[in-house]
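Enquirer: Submitted below is the structure of interest, expressed as C-alpha cells.
The values are calculated or read from the model by the stated rules, or taken from the named source; none is laboratory data. Not measured: the values here are computed from a predicted model. Don't worry about glycine lacking a Cβ; one is built from the backbone with ideal geometry, like all the others, and counts go over all protein chains shown. Heads up: the accessible areas ignore ligands, DNA and RNA and are worked out on the full protein's heavy atoms, side chains in. Shrake-Rupley method; radii C 1.70, N 1.55, O 1.52, S 1.80 Å.
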Amino acid sequence: MTEEATQRAVPIPADQVDYLIATAVRAPSVHNTQPWRFRAGNYEIELYADQRRKLRVDPIGREMLISCGAALFGLRLAMRSLGYLPVVELLHDPARLRLLARVRLGTEAPMTQLERQMLQAVPHRHTHRGPFDPGPLPAGLLAGLQHDALAEGATLALIDRGLGYERLAAIASAAGRRQDLDPLARAEVRRWSRAAGSLARDGVPAHAFPVEAARGRGRLSQRDFDLGRGLGLLATGGSTAAATAVLLTSGDSRADWLQAGQALHRLLAHAASRWVFASLHTQPLEAAPIRALIRDRLALPGAPQMLLQLGLARTTHVTSRRPPPELLEP
C-alpha cells in the first residue's frame, strides 16, 4: 500500500480480527476442507489458498478457489457489520498464486436490512444432504437469489422440472456412478469424512450424511460419503427439493471461480435467512468435459460452477470450523 493510500486507509480494529476471520470461515467448502488461510495487517486482511487442503481430484484448484471465494464473501459481509464498505483487490500475480485477495475497510456505510439478515443466518447456514420439509419456497426468494448471483457477476439459472431437469439428472447420475468407483475419489471421501464422536474441526461429520446417499426422483445424485461403512447418521426420506439451479460464470478461469464462490455464499446466506437450504452437487462438475456437456445439453449461458437443489428445512446442526488462530499465515 502506498504512503498516500495508507494515510487515507481505515485501520482494522485489532480486537475485531478474530471475529472477521471466524465469520469468513463459516463459508461452504468442498468436503469442508476449509482450504484457506489469512494474514491480518493494520489496514488489510489477505486471503490465501491452502494448497495442502486441495483435493487430489481437483488438480487445477477449481473447487479450492470456489471455496476460497465463498470465504472472501464472508469476510466482506463481516466487514459490513463494522459499518464500512469493503474494498477488495483480487490478485492475479502468477508468481504468488496462493495470495488471492486483499480486503480493507473503505467508505463508511450502514448495513442494509438484507445484509443484517444474511449475517445472522451465517452461523446456521449449512450444506443440506438430508430430506427437505414440504412446501414451496417463500414468495420472491428465487428472484432474490438470482439478483444475489448477478450482484457478484454470476448467473443463477433455474432448471424446470421437465426435460431440462431430466437431462441434468441423467448426466449427474452417470458422472456420479463413475466417480463413486474411482479409487482416488473414494480415498478423498475417506480422508475427509468423519465418524460419530470425532473431534476433528474439518471434514464432513457423520451427522451431515446418510448411510446411503439420497437418490431418486426429484433429487440429484449425491456423493456417497458413507462408502458402506455405516457411519452416516443423517435421516433419509421426506420431500424432494423445491427448486433446482445451476450457478454459472461467463468464463472458467481462476477469477471466475473466485467470483462463483462469492456468489454462492451470498445466495446461500440469503436463502438461510428464510430457512431455505441447499444441497450442493460438485461431483458431476469435477471434470471439464462434463461441465461442457451440461452447458451444451441445457443450453446454459455460461460455465457451470455449482449445481444446487433448494428446499425448506428447520435445522441448525452445522459443521465445525477451525479457530482463527490456526488459520493465520506467519
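Enquirer: For Val211, state whether it is within 18 Å of the chain's Cα centre (by Cα) and either among the hydroxyl-bearing types (Ser, Thr, Tyr) or over 17 Å from Leu308 (Cα atoms) (or both).
Expert: Numbers: within 18 Å of the chain's Cα centre (by Cα): no; either among the hydroxyl-bearing types (Ser, Thr, Tyr) or over 17 Å from Leu308 (Cα atoms) (or both): yes.
In short, no.
Enquirer: Next up: Name every residue in segment 14-47 that is open to solvent by 10 Å² or more (accessible area, probe 1.4 Å) and touching a Lys or Arg at 6+ places or on another chain (Cβ under 7 Å), in order of residue number.
Expert: Arg26, Tyr43, Glu44, Glu46
Enquirer: Picking from His265, His317, His270, which residue would you name as being touching a helix residue (DSSP H, G or I) at 6+ places or on another chain (Cβ under 7 Å) and either surrounded by fewer than 17 Cβ atoms within 10 Å (Cβ to Cβ) or part of a loop (DSSP other than H, G, I, E, B) (or both)?
Expert: Details: His265 fails: either surrounded by fewer than 17 Cβ atoms within 10 Å (Cβ to Cβ) or part of a loop (DSSP other than H, G, I, E, B) (or both); His270 fails: either surrounded by fewer than 17 Cβ atoms within 10 Å (Cβ to Cβ) or part of a loop (DSSP other than H, G, I, E, B) (or both).
From the options His265, His317, His270, the qualifying one is His317.
Enquirer: Let me ask another. Do we have any residue at all in segment 305-321 that's of a type in the set (Gly, Ala, Ser), touching a strand residue (DSSP E or B) at 6+ places or on another chain (Cβ under 9 Å), more than 19 Å from Ala175 (Cβ to Cβ) and modelled with pLDDT of 95 or more?
Expert: Within segment 305-321, one or more residues are of a type in the set (Gly, Ala, Ser), touching a strand residue (DSSP E or B) at 6+ places or on another chain (Cβ under 9 Å), more than 19 Å from Ala175 (Cβ to Cβ) and modelled with pLDDT of 95 or more.
Enquirer: Examine segment 247-260 for a residue that is touching a Gly at 6+ places or on another chain (Cβ under 9 Å), open to solvent by 20 Å² or more (accessible area, probe 1.4 Å) and within 15 Å of Thr127 (Cβ to Cβ), and state whether such a residue exists.
Expert: No, because not a single residue in segment 247-260 is touching a Gly at 6+ places or on another chain (Cβ under 9 Å), open to solvent by 20 Å² or more (accessible area, probe 1.4 Å) and within 15 Å of Thr127 (Cβ to Cβ).
Enquirer: Hey, Ala187 hits all of (1) touching a helix residue (DSSP H, G or I) at 6+ places or on another chain (Cβ under 9 Å); (2) at pLDDT 90 or above but one; which does it fall short on?
Expert: Ala187 satisfies every listed condition except (1).
Enquirer: Restricted to segment 273-286, and to residues that are open to solvent by less than 20 Å² (accessible area, probe 1.4 Å) and not in a strand (DSSP E or B), which residue is farthest from Arg76 (Cα to Cα)?
Expert: Within segment 273-286, the subset open to solvent by less than 20 Å² (accessible area, probe 1.4 Å) is 276-279, 281, 283-285.
Filter once more, keeping what is not in a strand (DSSP E or B): 283-285.
Numbers: Gln283: 28, Pro284: 29, Leu285: 27 Å.
Filtering first and then ranking leaves Pro284.
Enquirer: For segment 39-59, indicate whether the set of residues that are within 17 Å of Glu329 (Cβ to Cβ), more than 19 Å from the chain's Cα centre (by Cα) and among the aliphatic types (A, V, I, L, M) is non-empty.
Expert: yes
Enquirer: Continuing with the same structure: I'm trying to understand the selection: among the residues of segment 58-115, which are polar (S, T, N, Q) and over 23 Å from His270 (Cα atoms)?
Expert: Answer for segment 58-115, where residues must be polar (S, T, N, Q) and over 23 Å from His270 (Cα atoms): just Thr107.
Enquirer: OK, next. Return the only residue of Gly230, Gly237 being within 30 Å of Gly164 (Cβ to Cβ), open to solvent by 20 Å² or more (accessible area, probe 1.4 Å) and outside any strand (DSSP E or B).
Expert: Among Gly230, Gly237, only Gly237 is within 30 Å of Gly164 (Cβ to Cβ), open to solvent by 20 Å² or more (accessible area, probe 1.4 Å) and outside any strand (DSSP E or B).
Enquirer: How many residues does segment 99-129 hold that are in contact (Cβ under 8 Å) with a residue 60 or more places away in the chain and in a loop (DSSP other than H, G, I, E, B)?
Expert: Selection size over segment 99-129: 4.
Each row is one residue, and each column tells you yes or no for (1) open to solvent by 30 Å² or more (accessible area, probe 1.4 Å); (2) at pLDDT 95 or above; (3) in contact with a Gly (Cβ under 9 Å, 6 or more places away or on another chain).
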{"residue": "Asp93", "(1), (2), (3)": "yes, no, no"}
{"residue": "Leu99", "(1), (2), (3)": "no, yes, no"}
{"residue": "Asp133", "(1), (2), (3)": "yes, no, yes"}
{"residue": "Ala157", "(1), (2), (3)": "no, yes, yes"}
{"residue": "Asp160", "(1), (2), (3)": "yes, no, no"}
